[in-house]
Structures are given as C-alpha cells and as structure tokens.
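First comes the structure, then the notes that go with it.
Coordinate-derived values only; no laboratory data. It should be emphasised that the depicted structure is a prediction, and the values quoted were computed from it without experimental measurement. In this analysis, Cβ positions are derived from the backbone assuming ideal geometry, glycine residues included, and neighbour counts consider all displayed protein chains.
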Amino acid sequence: ILNVEQSPQSLHVQEGDSTNFTCSFPSSNFYALHWYRWETAKSPEALFVMTLNGDEKKKGRISATLNTKEGYSYLYIKGSQPEDSATYLCAVPPHDKLIFGTGTRLQVFP
Amino acid sequence: DTGVSQDPRHKITKRGQNVTFRCDPISEHNRLYWYRQTLGQGPEFLTYFQNEAQLEKSRLLSDRFSAERPKGSFSTLEIQHTEQGDSAMYLCASSLITSGNEQFFGPGTRLTVL
C-alpha cells in the first residue's frame with residue numbers, strides 16, 4: 001500500500017512568519033508529486049505538479065522543492081498572511097488516481 | 001464558472017436512506033474521479049471514469065455505493081442504505097488524459113448521516 005505522510009499535522013503561526021512543511025512518499029517508481037491548497041468551504045486548488053528530482057517551483061510567496069531519491073518534498077510559505085490559512089495536501093499518482101497525505105492544517109493569526 | 005461543480009453542497013440524511021450526489025466536470029475533461037475525505041484524513045480514492053467507462057473502483061466502494069457517468073459528461077454517486085460511517089466530504093475531480101493526471105476538484109458534498 002502506497003503511504004504518503006505529511007508533517008506537521010497542524011501549524012499555528014503569526015502573520016509575517018515564514019513556515020514550511022514536509023511531504024514524504026515512497027521513492028521507488030516515482031512519477032510526480034502534487035501539492036494542493038484547500039481552504040474551508042472551497043475546492044482544493046492545485047499549487048504545483050513536480051516531476052524532476054531537484055525541482056523547485058514558486059508561486060508568489062509559496063515555493064516547493066522535490067527530492068525523489070530520498071522521497072520528500074518541502075513546501076515553504078514566506079511571510080505568511082491570514083489568507084494562507086488552509087489545509088495543504090500533497091499527493092502522488094500511482095497509475096491514474098491520486099494518493100493523498102493527511103494534510104498540514106495551517107492557521108495564520110493576524 | 002467553468003470549474004468542477006457539485007450538487008448538493010450539504011446533505012443531511014437519516015440512517016438507512018438513499019442519497020445521490022451529482023458532479024459536473026470541466027466540459028472538455030474526459031476523466032472524472034470520486035474521492036471521500038473523513039475528519040483527520042486526506043481524500044481517499046473511490047472510483048474513476050474515462051468518458052463513460054468506469055475503469056477502477058476502490059475496495060472502499062462497498063456494494064451500497066454505485067457511480068455512473070452515462071454520457072461521459074456529468075456523474076452521479078449513489079449511496080444506498082446509508083450508515084453513520086458514510087458521513088464524510090465527497091469530492092469530485094476531473095482531468096484530461098493528456099494532462100499528466102493534473103486533477104481539478106469541485107467544492108465537495110458534505111454528507112451527514114444521523
């Protein structure tokens with residue numbers, strides 16, 4: 001059974017703090033890694049699709065890195081804002097479906 | 001709005017009742033997925049369609065669950081004889097075969113079984 005793990009489970013930070021969280025996945029037969037942001041009462045929103053070892057992607061204040069050899073990805077948020085409060089999910093696609101981690105729930109306080 | 005839509009957004013039902021949810025994918029997307037998310041867990045795969053063909057079903061999808069995509073466009077997910085353990089968020093997603101499995105999600109249907 002493919003196991004995707006995320007840590008921490010939850011995180012509370014002050015506005016302006018930078019933060020990061022981890023996604024761990026099996027390194028064998030790697031194909032891609034997806035990051036999603038899921039705000040309450042909204043649809044999960046795709047942030048990044050990462051495929052290459054050493055990949056770094058950036059979207060505004062959010063960036064992600066990928067290490068396929070050791071099986072982890074980091075998501076960084078620089079200068080967190082209250083609107084960054086959400087659950088951040090990572091997922092890997094064995095075949096045609098996505099296997100998700102349990103998510104990191106981020107709360108940014110003003 | 002050209003995103004994935006789901007209806008209803010919330011459903012409260014009594015144990016033993018049947019419920020049906022609908023998903024309208026992005027119009028040109030040929031793949032459609034159903035996931036279920038319970039408290040403290042990430043979304044778990046239930047089933048997916050390529051056009052009208054149901055290609056894979058998870059072991060999570062008991063005999064009480066049935067999904068259809070009759071014309072290769074919208075899909076329905078029916079749960080018969082609901083149980084309290086069916087209470088969850090049911091998410092639908094769609095994608096293009098050629099998109100490297102980049103899936104676009106709807107807002108989900110929150111089911112509460114009393």
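Miscellaneous remarks
- Label point of A:His95 set 7 angstrom out along Cα-Cβ; within the stretch B:20-47, amide nitrogens under 20 Å from it belong to B:30-37, B:43-47.
- Normalised by the number of residues in chain A, the average gap of Cα pairs under 8 Å and 6 or more apart makes the relative contact order 37 percent.
- Chain A: C-alpha gyration tensor shape, a/c 1.5 cut-off, then a/b vs b/c: prolate
- The stretch B:1-64 - percent relative contact order, Cα under 8 Å, separation 6 or more: 22
- Label-to-label distance, nm, for residues given as B:Thr98 and B:Arg59 (7 Å Cα→Cβ offset): 3.7
- Neighbour cut-off at most 14 other Cβ (10 Å), DSSP loop, GluC sites (Glu not before Pro), the stretch A:3-92: A:Glu15, A:Glu39, A:Glu70
- Peptide A:44-57 has a mean of 2 when you count, residue by residue, the C-beta atoms of other protein chains within 10 Å of its C-beta.
- Dipole moment magnitude, nearest 20 debye, the stretch A:30-110 about Cα centre, only Lys, Arg, Asp, Glu C-beta charged: 100
- The A:Asn3 and A:Thr51 beta-carbon pair, evaluated with R₀ = 22 Å, returns a calculated FRET efficiency of approximately 0.65.
- Pairs from A:Lys69/B:Lys57; A:Lys57/A:Lys97; B:Lys11/B:Lys71; A:Lys58/B:Lys71 whose Cα-Cα separation, in the structure shown, is over 28 Å: A:Lys69/B:Lys57; A:Lys58/B:Lys71
- In chain B, Cα pairs under 8 Å separated by at least six residues give a relative contact order of 37 percent.
- Inter-label distance, nm, simple model (7 Å from Cα along the C-beta direction), B:Glu83/A:Ser28: 3.3
- GluC sites (Glu not before Pro) lying in DSSP loop within the stretch B:1-98, provided at most 12 other Cβ fall within 10 Å: B:Glu28, B:Glu83
- Shape call, the protein assembly as shown: gyration tensor on alpha carbons, a/c limit 1.5: prolate
- Over the stretch B:1-90, volume per residue of the alpha carbon convex hull, in Å³: 100
- Listing A:Cys23, A:Cys90 from fewest to most neighbouring C-beta atoms within 10 Å gives A:Cys23, A:Cys90.
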